[in-house]
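Student: Sharing a structure with you now.
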Amino acid sequence: MTEFLIFGFAFAATSAGVALMRRVGGSARLLDIPNERSSHAVPTMRGGGLAIVIVCLGLYAGLGLAGILTTIWSFVIGALIVAAISYLDDLYSLSAWIRLIAHAVAASILIYGTALDKIHMPVADILVGAGSITYVVSFLWIVWMINAFNFMDGIDGIAGTQGVAAGLGWVAFGTLLGDPNLYLFGGIIALSCLGFLIHNWSPAAIFMGDVGSAFLGYSLAAMPLTAIGHAKSAGWLMPAALSFLWLFFFDSVYTFIRRAVRGEKVWLAHREHLYQRMVIAGYEHGEVTLLYTTLSVFTCVLFFTAYWFRGNAVLLLVFSYLISAFLVIVALLRKKH
């Protein structure tokens with residue numbers, strides 16, 4: 001019962017917070033003016049993700065102080081750094097290097113003393129003692145997903161629905177592992193994103209902005225490191241994180257490599273992501289968002305199947321990655337008119 005009250009509050013508080021931001025307005029710097037790289041046609045306020053940050057971190061810290069979950073304060077500090085630099089970027093368009101340094105600092109603070117004990121190797125279905133390599137893997141994973149979520153937040157609803165899907169994935173997995181840190185914070189993220197989606201579904205009345213997308217990327221990527229007790233040693237936390245965020249990871253990596261091979265300046269803004277190319281090809285924002293969300297749910301379901309049955313079933317995990325990526329590319333090549 002307590003969980004439902006917490007989740008309900010996350011939904012209501014975020015929805016009300018975004019509504020207040022829309023009514024009160026803000027700096028003219030937060031007005032997103034369409035340009036040649038935009039996927040929207042009219043000026044729209046951004047920065048609505050600030051409500052997600054305040055609600056999620058407020059509940060996480062508050063529940064920790066109340067003894068309901070175990071607050072990882074290095075996570076909170078890292079989240080504040082990411083949210084602060086991202087909000088400044090929403091206002092002033094900071095240099096990519098300044099943002100990257102802040103992301104690296106946030107990831108480093110989190111990782112220090114919170115590395116995973118073991119990592120599951122899906123194809124071999126074994127647990128390996130990861131040692132110091134987890135520091136490197138975790139650092140690259142967190143920094144990449146902070147930016148990947150930011151890159152992927154380019155059409156109405158896509159970042160919010162991914163937050164809902166991934167958050168619910170952690171609710172289910174945290175419940176299986178008996179870890180309140182995972183299922184409570186996963187649910188808070190999911191319901192907070194749902195509250196935001198009321199205002200962001202196509203056609204969006206407000207955008208999440210870097211402050212929201214970067215925070216979600218950091219938080220969802222960091223979930224394995226916030227686990228406690230038995231869950232921390234379960235070994236399946238990184239495969240879970242990748243499965244719950246797979247399409248955002250794939251789209252961002254695929255696009256980065258594609259642009260790098262073509263000799264483009266990969267740090268510059270563009271409209272080359274698969275989801276953006278689908279919109280250019282004729283798909284509506286809602287159609288693309290629903291495709292990505294459906295395939296994310298598909299990947300989550302096959303992750304739990306692999307976890308539950310183990311053995312040869314772990315090949316389902318690899319299959320889910322390949323088939324979901326394949327279906328996105330097929331949808332793009334279909335070029336709807």
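The values are calculated or read from the model by the stated rules, or taken from the named source; none is laboratory data. Not measured: the values here are computed from a predicted model. When we count neighbours, we look across all protein chains shown, and the Cβ atoms used for this are built from the backbone with ideal geometry, even at glycine.
Student: Among the residues of segment 162-188, which ones are in contact with a Cys (Cβ under 6 Å, 6 or more places away or on another chain) and either surrounded by fewer than 22 Cβ atoms within 10 Å (Cβ to Cβ) or more than 19 Å from TYR307 (Cα to Cα) (or both)?
Tutor: Passing the criteria: GLY163, VAL164, ILE188.
Student: For segment 153-207, enumerate the residues that are among the hydrophobic types (A, V, I, L, M, F, W, C) and more than 16 Å from the chain's Cα centre (by Cα).
Tutor: Within segment 153-207, ALA172, PHE173, LEU176, LEU177, LEU184, ILE198, TRP201, ALA204, ALA205, ILE206 qualify.
Student: Then there is this: Among the residues of segment 70-118, which ones are among the acidic types (Asp, Glu) and either surrounded by fewer than 18 Cβ atoms within 10 Å (Cβ to Cβ) or touching a Ser or Thr at 6+ places or on another chain (Cβ under 7 Å) (or both)?
Tutor: Residue satisfying the conditions is ASP117 alone.
Student: Also, quick follow-up: Condition check: within 15 Å of MET152 (Cα to Cα) and out of contact with any Asp or Glu (no Cβ under 6 Å at 6 or more places or on another chain). Does LEU216 satisfy that?
Tutor: Yes: the conditions hold for LEU216.
Student: Anything in segment 94-123 that is in contact with a Lys or Arg (Cβ under 9 Å, 6 or more places away or on another chain) and at pLDDT 75 or above? List them, or say none.
Tutor: Matches in segment 94-123: THR114 only.
Student: Now a separate question. Assess whether ALA166 counts as being of a type in the set (A, V, I, L, M, F, W, C) and closer than 23 Å to LEU268 by Cβ.
Tutor: no
Student: What is the number of the single condition among (1) within 21 Å of the chain's Cα centre (by Cα); (2) part of a helix (DSSP H, G or I) that TYR307 does not meet?
Tutor: (1)
Student: Hey, among the residues in segment 253-305 that are of a type in the set (Phe, Trp, Tyr) and in contact (Cβ under 8 Å) with a residue 60 or more places away in the chain, which one's farthest from PHE326 (Cα to Cα)?
Tutor: TRP267
Student: Shifting gears a bit: So which residues in segment 237-248 are in contact with a helix residue (DSSP H, G or I) (Cβ under 6 Å, 6 or more places away or on another chain) and not small (Gly, Ala, Ser)?
Tutor: The answer is LEU237, MET238, PHE244, LEU245, TRP246, LEU247, PHE248.
Student: Another question, if that's okay. Looking for something more than 15 Å from ILE119 (Cα to Cα) and not in a loop (DSSP other than H, G, I, E, B) - is there at least one such residue anywhere in segment 232-239?
Tutor: No, there is no match, as no residue in segment 232-239 is more than 15 Å from ILE119 (Cα to Cα) and not in a loop (DSSP other than H, G, I, E, B).
Student: While we're here: Please go through segment 151-161 and pick out each residue that is assigned to a helix (DSSP H, G or I) and either surrounded by 24 or more Cβ atoms within 10 Å (Cβ to Cβ) or charged (D, E, K, R) (or both).
Tutor: Hits for segment 151-161 are MET152, ILE158, ALA159, GLY160.
Student: Can you find, within segment 252-294, the residue that is nearest to ALA331 (Cα to Cα) among those that are among the charged types (D, E, K, R) and either over 20 Å from the mean Cα position of the chain (by Cα) or buried (at least 17 other Cβ atoms within 10 Å of the Cβ) (or both)?
Tutor: Checking each candidate, the answer is ARG277.
Student: Which members of segment 57-113 meet the condition of being outside any helix (DSSP H, G or I) and touching a residue at least 40 places away in the same chain (Cβ under 8 Å)?
Tutor: If the condition is that a residue be outside any helix (DSSP H, G or I) and touching a residue at least 40 places away in the same chain (Cβ under 8 Å), then ILE68, LEU69, THR70, ILE72 are the ones that fit.
Student: Any residue at all in segment 243-261 that's assigned to a loop (DSSP other than H, G, I, E, B) and of a type in the set (Asp, Glu)?
Tutor: Within segment 243-261 (the criterion being assigned to a loop (DSSP other than H, G, I, E, B) and of a type in the set (Asp, Glu)), the answer is no, since none of the residues qualifies.
Student: Out of segment 281-317, which residues are among the polar types (S, T, N, Q) and farther than 30 Å from ARG271 by Cβ?
Tutor: Within segment 281-317, THR305, ASN312 meet the criteria.
Student: Still on this model: Working only within segment 178-231, note down all residues that are part of a helix (DSSP H, G or I) and of a type in the set (Val, Ile, Thr).
Tutor: Matches in segment 178-231: ILE188, ILE189, ILE198, VAL211, THR226.
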